[in-house]
Amino acid sequence: MSSQSDYQADIDKFQRFVFEMDDVMEVFIAFATGKGFRLDYSIASLGDLELFIDCLGDGVREGEMLNRCSRYVGEVFRRNLGGCWDLCLDDQKNINFRLPVIDNFSDIDLEFCPLAVVSNYVARKKRGLLRDAVEANREFLRTSK
């Protein structure tokens, strides 16, 4: 069971995560662009992200690069399909517990966890997985704003 201080530490960490988003993404995209990859927040750019991840090799398993790739996937989702960043803290049995997710994009209780999707790509290296994971949620988008 998490203590109140653990809970508050998670919230503080998440607030920093969101606050730093634009700056972290600017540096990340500049780095990827310098390596020849086009990351423009389009769904199509997720193919370039996969190539970028592949070029990193085992380096993507490191926390910071995995975090940045996950942030990018989350921002692509948010900018193209809607929703907002949230921290999953409601249910300790939820597979996304204590992870940043995209929430509030659907009329049903659904969340998108970019870290899980990117980790899946890193493990499987299946081309199109990132795009397919984002697009699979299109049918669940809010019908009213």
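Every read-out reported here was derived from the displayed coordinates using simple, explicitly stated rules and does not represent laboratory data. Just so it is clear, the model here is predicted, and its values are computed rather than measured. Glycine gets a Cβ as well: all are built from the backbone with ideal geometry, and neighbour counts include every protein chain shown.
Model label points for N80 and N94, set 7 angstrom from Cα along the Cα-to-Cβ axis, are 2.4 nm apart. For region 1-66, applying the loop criterion from DSSP together with a ceiling of 12 other beta carbons within 10 Å to the GluC sites (Glu not before Pro) yields E20, E62. What share of Cα pairs, in percent, lie more than 21 angstrom apart in the chain? I get 43 percent for the Cα pairs in the chain exceeding 21 Å. FRET efficiency for the A123 to F17 pair, using the beta carbon distance and R₀ = 22 Å, is estimated at 0.45. When only Cα pairs below 8 angstrom with a gap of at least 6 residues are kept, the chain shows a relative contact order of 22 percent.
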